[in-house]
């Protein structure tokens, strides 16, 4: 293999001063505000509104903050922010940054007018912060996005969309001011007949929170079902506009291939960021275990002096750094418009998620009985990490996506 580079282009993995400053700023917030509150909100299993408000007051939570993070031309600032915040705590981190998935859908699939109208409403104000929700999964449609049963019918007489169905596993479901709902407009077209709709809880009737999910981890982040019962929204609330939707569906009916599915387009953009969240949890566990191994003495010496312990910590550091490089590569590719020819986005999420589960389990093992108690945070980090091999595409689905990309075959 021959590597060719332009002589005028430099290459560096060193972060810029702006990136380092943001990294230190978010880390400081995670260390001083998030970590001290983590155990309490995990036990309460409630949305940590006071912490969200603190994040909003300093500009960490809000449209301007998200826009500034995304504006980085390298694509690295957003994953850096996610890693540092989730280093503080996964549940609170998701409560603060969970709105980003709905915002990504609106920004990526909506018109300029829609983005201008809805993005500010996703976040509210520093004095009265709001959250948003992305509603894709259903009780019988998780990994199989094509099996969605939620429907969107256009009522010509009223000039409104009518949504019916049930969404499951929705972060901020029911408590969000803005819900982005994936629904099928033409069931015969399968996933190609899907579209994304914006539903305002305050303005639309027929949208209600269902059962709140009591989760294994990320317990400070609200997760619930969302029910849509003849939920009526204006015609202009379909992302991208009704005219473009009609044109796209017409092309698909004539046999043309749709560019992307409404749900998958959002997941493709968010996977490296989700990987960065898993990295933050993994790094927290590694750093805690490393310090513990230096201080804990058995048989007259620190346990890190034992080769088995030292090698485990070396492997933890190795795997975390390797996962970060995949996350940064995918983030850079996504930001600079490089195609994920080998499913690099899925690679980053898959590796980071599995490393997080593995590293947090190793941390518990290194701490022994102490690691199994709630007196130290590693058991919480282990619980938080597990979801990263499940949501936004299970590890099995990520491998399927990668296998299809590298083979060019429709592997089932």
Show me the strands (runs of 3 or more DSSP E) found entirely inside the stretch 141-226 where at least 3 residues are farther than 24 Å from residue 115 by Cβ and not assigned by TED's automatic domain parsing to the domain that holds residue 38. 151-155, 160-171, 207-212
Looking at the stretch 118-140, which of the residues that are in a helix (DSSP H, G or I) and in contact with a helix residue (DSSP H, G or I) (Cβ under 9 Å, 6 or more places away or on another chain) is surrounded by the fewest Cβ atoms within 10 Å (Cβ to Cβ)? 120
Of (1) free of Cβ contacts under 8 Å to residues at least 24 places away in the same chain; (2) farther than 12 Å from residue 79 by Cβ, residue 356 satisfies every one except (1)
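For every residue, the table says whether it meets (1) free of Cβ contacts under 8 Å to residues at least 40 places away in the same chain; (2) touching a strand residue (DSSP E or B) at 6+ places or on another chain (Cβ under 8 Å).
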residue: 21; (1), (2): yes, no
residue: 35; (1), (2): no, no
residue: 44; (1), (2): no, no
residue: 47; (1), (2): no, no
residue: 52; (1), (2): no, yes
residue: 64; (1), (2): yes, no
Kindly indicate whether residue 282 is crowded, with 22+ Cβ neighbours inside 10 Å, assigned to a helix (DSSP H, G or I) and more than 15 Å from the chain's Cα centre (by Cα). yes
Sort through 196, 158, 176, 152 and tell me the only one that's surrounded by fewer than 17 Cβ atoms within 10 Å (Cβ to Cβ) and modelled with pLDDT of 95 or more. 158
I need the helices (runs of 4 or more DSSP H) fully contained in the stretch 29-93, keeping only those with at least 1 residues that are at pLDDT below 95 and over 16 Å from residue 277 (Cβ atoms). 63-71
Yes/no for residue 100 being closer than 21 Å to residue 237 by Cβ and outside the structural domain of residue 191 (by TED's automatic domain parsing): yes
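The values are calculated or read from the model by the stated rules, or taken from the named source; none is laboratory data. All of these numbers come straight from a predicted model, not from anything done at the bench. Neighbour counts run over all protein chains shown; Cβ positions are idealised from the backbone, glycine included.
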